[in-house]
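Written below as structure tokens is the structure these notes are about.
The values are calculated or read from the model by the stated rules, or taken from the named source; none is laboratory data. In this text the structure is predicted, and so the values were computed from the model without any measurement. Heads up, the Cβs are rebuilt from the backbone with ideal geometry, glycines too, and the neighbour counts pull from every protein chain shown. Quick note on the areas: whole protein, heavy atoms, side chains included, nothing else; ligands and nucleic acids left out. Shrake-Rupley method; radii C 1.70, N 1.55, O 1.52, S 1.80 Å.
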Amino acid sequence: MKRILLFTILCASFLTLEAQTITWTGAGDCTNWSDFNNWDLSCLPTESHDVIIPDGSNVTINNPVQTKSISVRGNTVLTINESMVFHEPSLIEENVEVNWRFGSLGTPLISSLEAGIITNFGTININVIDDLEPSFSPPIILIHAILNNEGEINFINGYLGMNGSA
């Protein structure tokens, strides 16, 4: 009996080590990715989380983030002011507006995994932050990732660099 109980406890612990889904609720300050109160698990997403941002959300990324994957659902505004790393295929659905203002998207170059894949059915606006040093115009960079664009990409201010990407 003790062996069965021990085996059950061990199996349950291994299951919790696998990826978990974490969903944006906006119950904290309503917009800041880095506010743990905005997530249903009351913690910030990590590289072991599949992230879901539901329809109608407004999310701003101001610090580097890592996720296992991300799924951004319709009528959402996602503002990216820092780098985002994802390790598995990710999705931007129709009617999503991504305002990509700074940083990179993709998988780490040192990753032993294949290139990350992000499929866009929404609108990506590349609009580099203007209040940076005047002589420094940083590119928006796609790193070690494949972008399947089935939606729209608007170049408002800035350009898209690709490092090991397609």
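Here LEU91 fits the description: assigned to a strand (DSSP E or B), open to solvent by 50 Å² or more (accessible area, probe 1.4 Å) and modelled with pLDDT of 95 or more. Please determine whether any residue of region 74-87 is modelled with pLDDT of 95 or more, open to solvent by 40 Å² or more (accessible area, probe 1.4 Å) and more than 10 Å from the chain's Cα centre (by Cα). Scanning region 74-87, I find at least one residue that is modelled with pLDDT of 95 or more, open to solvent by 40 Å² or more (accessible area, probe 1.4 Å) and more than 10 Å from the chain's Cα centre (by Cα), so the answer is yes.
No other residue among VAL51, VAL59 is open to solvent by less than 60 Å² (accessible area, probe 1.4 Å) and touching a Leu at 6+ places or on another chain (Cβ under 6 Å) apart from VAL59.
Only residues that are farther than 15 Å from ILE143 by Cβ and of a type in the set (Gly, Ala, Ser) were counted across region 71-94, and they come to 2.
Any chance region 129-142 includes a residue that's out of contact with any Leu (no Cβ under 6 Å at 6 or more places or on another chain), at pLDDT 90 or above and closer than 29 Å to THR25 by Cα? Can you show your working first?
Here is the first cut: in region 129-142, the residues out of contact with any Leu (no Cβ under 6 Å at 6 or more places or on another chain) are 129-139, 141.
Filter again for at pLDDT 90 or above, leaving none.
No, there is no match, as no residue in region 129-142 is out of contact with any Leu (no Cβ under 6 Å at 6 or more places or on another chain), at pLDDT 90 or above and closer than 29 Å to THR25 by Cα.
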